[in-house]
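*Asks:* Dropping a structure here in structure tokens format, bear with me for questions.
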Amino acid sequence: MNKMMNLSNAIEVLIVEDETVLALGMQASLEDLGYEVLDIQTTALNAIKYANENLPDIVIMDIKLKGSISGIEAAKQIWKTNKIPIVFLTSYSDDITIKNAMDSEPYAYLLKPCRDKELDIVIKTTLHKHKYFFKNIECLNQDSVLKLINDYSYDNAKRILYYKDESIKLTGNEIKFFDILVLKVGESVSFERIISYIYRDDTLDIGKLRTLVYRLRAKLEVDLFENVYEFGYRIKLA
């Protein structure tokens with residue numbers, strides 16, 4: 001798990017970009033804005049290794065990198081291992097590229113070339129979201145099992161849902177739905193917070209969330225979540 005950022009100190013940034021001129025220009029912009037650029041990496045493998053060893057506060061990752069491993073795959077590994085927030089840098093805005101990139105759970109996208117103000121806002125927003133959602137991350141790392149109704153349970157550490165002793169296969173978004181609800185056991189979590197956590201999106205699309213919950217209920221054939229009228233959801237404890 002990466003260190004939690006102290007926003008009063010210089011924020012440490014790793015740039016992963018194989019276009020030298022663009023990377024150096026971004027480094028200069030970031031330093032002018034008060035950030036500390038730890039390094040510039042040009043390949044996915046080197047970026048993964050560097051991130052694992054140095055744990056930057058944020059990674060700005062070009063989607064299209066030269067070599068056998070793409071920026072998308074590098075971002076997936078960095079996020080899975082250290083939960084370091086990722087901002088994608090790309091020249092591509094087509095739906096297929098964005099859809100493929102979503103699997104690595106980026107917080108934001110920047111289209112080349114980006115302005116200094118846009119860069120600054122995206123970094124600040126990303127770090128704010130990351131700190132907000134992970135301020136209680138210790139709850140998810142405890143080796144404890146939360147007992148739910150109807151013989152269901154959720155393992156916080158492993159992020160696995162069980163029915164009795166049998167594990168239930170969940171999608172990535174379904175797992176994140178459980179994660180955000182168990183952060184506030186016994187309390188209601190707002191639609192806005194759930195949507196922002198699952199989809200990394202500021203747009204309040206309640207329909208998309210309701211579809212996720214509907215499919216999850218159908219899969220489990222039991223309602224493990226209480227819909228708090230016009231506010232959000234709460235997980236049901238045994």
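The values are calculated or read from the model by the stated rules, or taken from the named source; none is laboratory data. Only a predicted model underlies this, so the values are computations on that prediction, with no experimental measurement involved. Glycine also receives a Cβ, built like all others from the backbone with ideal geometry; neighbour counts cover every protein chain displayed.
*Asks:* Determine if the range 89-108 includes at least one residue that is outside any helix (DSSP H, G or I), within 22 Å of Glu19 (Cα to Cα) and at pLDDT 85 or above.
*Replies:* yes
*Asks:* Can you pull out the residues in the range 30-39 that are in contact (Cβ under 8 Å) with a residue 12 or more places away in the chain and either assigned to a strand (DSSP E or B) or more than 16 Å from Thr126 (Cβ to Cβ) (or both)?
*Replies:* Correct list: Asp32, Glu36, Val37, Leu38, Asp39.
*Asks:* Separate question: Can you confirm whether the range 155-162 contains a residue that is outside any loop (DSSP other than H, G, I, E, B) and at pLDDT 90 or above? Reasoning before the result, please.
*Replies:* Going through the range 155-162, the residues outside any loop (DSSP other than H, G, I, E, B) turn out to be 155, 160-162.
If we keep only those that are at pLDDT 90 or above as well, we get 161-162.
Taking every residue of the range 155-162 in turn, at least one turns out to be outside any loop (DSSP other than H, G, I, E, B) and at pLDDT 90 or above.
*Asks:* With the requirement that a residue be exposed (fewer than 12 other Cβ atoms within 10 Å of the Cβ), in contact with a Ser or Thr (Cβ under 9 Å, 6 or more places away or on another chain) and at pLDDT 85 or above, what does the range 163-220 give you?
*Replies:* If the condition is that a residue be exposed (fewer than 12 other Cβ atoms within 10 Å of the Cβ), in contact with a Ser or Thr (Cβ under 9 Å, 6 or more places away or on another chain) and at pLDDT 85 or above, then Lys164 is the only one that fits.
*Asks:* Would you pick out the residues in the range 204-226 that are free of Cβ contacts under 8 Å to residues at least 24 places away in the same chain, closer than 12 Å to Phe191 by Cα and in contact with a helix residue (DSSP H, G or I) (Cβ under 8 Å, 6 or more places away or on another chain)?
*Replies:* Leu204, Asp205, Ile206, Lys208, Leu209
*Asks:* Let me ask something else about it. Scan Glu73, Glu118 and give me the residue that is modelled with pLDDT of 85 or more, loosely packed, with under 14 Cβ neighbours inside 10 Å, assigned to a helix (DSSP H, G or I) and not assigned by TED's automatic domain parsing to the domain that holds Leu183.
*Replies:* Glu118
*Asks:* Which condition from (1) at pLDDT 95 or above; (2) at positive phi is the one that Gly67 breaks?
*Replies:* That leaves (1) as the condition not met.
*Asks:* Do we find a residue being in contact with a strand residue (DSSP E or B) (Cβ under 6 Å, 6 or more places away or on another chain), assigned to a helix (DSSP H, G or I) and among the hydrophobic types (A, V, I, L, M, F, W, C) anywhere in the range 210-219?
*Replies:* No, there is no match, as no residue in the range 210-219 is in contact with a strand residue (DSSP E or B) (Cβ under 6 Å, 6 or more places away or on another chain), assigned to a helix (DSSP H, G or I) and among the hydrophobic types (A, V, I, L, M, F, W, C).
*Asks:* Within the range 76-85, which residues are touching a Phe, Trp or Tyr at 6+ places or on another chain (Cβ under 8 Å) and in a helix (DSSP H, G or I)?
*Replies:* Of everything in the range 76-85, nothing turns out to be touching a Phe, Trp or Tyr at 6+ places or on another chain (Cβ under 8 Å) and in a helix (DSSP H, G or I).
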